[in-house]
Amino acid sequence: MSPDSGGGTLIEPALLYSVLCDDVWSEDNGNFILLGLFETIGAREFPAAHPTLFILSGCSAGAGKFSQYSRILDPSGHELARDRETLFELANLKSRHSVIARFNNLELPQPGEYAMEVLLNGDLKVRYPLVVEQVS
């Protein structure tokens, strides 16, 4: 535990999930519908462009004020895209918060293993691969 920037106690939340998909719908009751979960993108030629992808991530079991963003790294580890930083507050340990990151017209310069990352207060919480492969 440490103080947050607002003078309260900061308890870092647990990242409950991070999912890569084609689209996310948010229902009135707070539930999400995820469409087209995937781990691989195929392209005939490079550079390729992927029209839209989403990263849905959610956390809980924390308290305080936080910032979160997602980013995509190319196979050499350089940042290819980053969503906007989202600021949020968890009032108590039962609070939950979800962030939907949308990436449009993502240029994929070459085949290889890209990395999807979620960062909370600038610290890496999860990193997982997105494989981009050449198809005929």
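Nothing in this text is a laboratory measurement; each read-out follows from the coordinates by a stated rule. Note that this is a predicted model, so its numbers are computed, not measured. Note that each Cβ is placed from the backbone with ideal geometry, even for glycine, and that neighbours are counted across all protein chains shown.
Which of the trypsin sites (Lys or Arg not before Pro) found in region 56-91 are loop residues per DSSP with 13 or fewer other Cβ atoms within 10 Å of their Cβ?
R84
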Q) Roughly speaking, what is the stretch gain from T9 to S136, that is 0.36 nm per residue apart minus the C-alpha to C-alpha distance, in nm to one decimal? A) 40.2 nm
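Just the number, please: percent antiparallel of the DSSP beta bridges in region 2-134, rounded to the nearest 5.
On the way: 50 of 54 bridges.
Within region 2-134, antiparallel bridges account for around 95 percent of the total.
What fraction of the Cα pairs in the chain, stated in percent, has a spacing above 19 angstrom?
Roughly 53 percent, once rounded to a whole number.
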Q) Taking the Cα centre of each part, how many Å lie between region 29-75 and region 88-136? A) 5 Å
Q: Provide the FRET efficiency to the nearest 0.05 for the S26-A61 pair, computing r from the beta carbons and using R0 = 22 Å.
A: 0.50
Q | Cleavage-rule hits, GluC sites (Glu not before Pro), region 1-109, DSSP coil, Cβ neighbours within 10 Å at most 15 | A | E27, E39, E45, E85
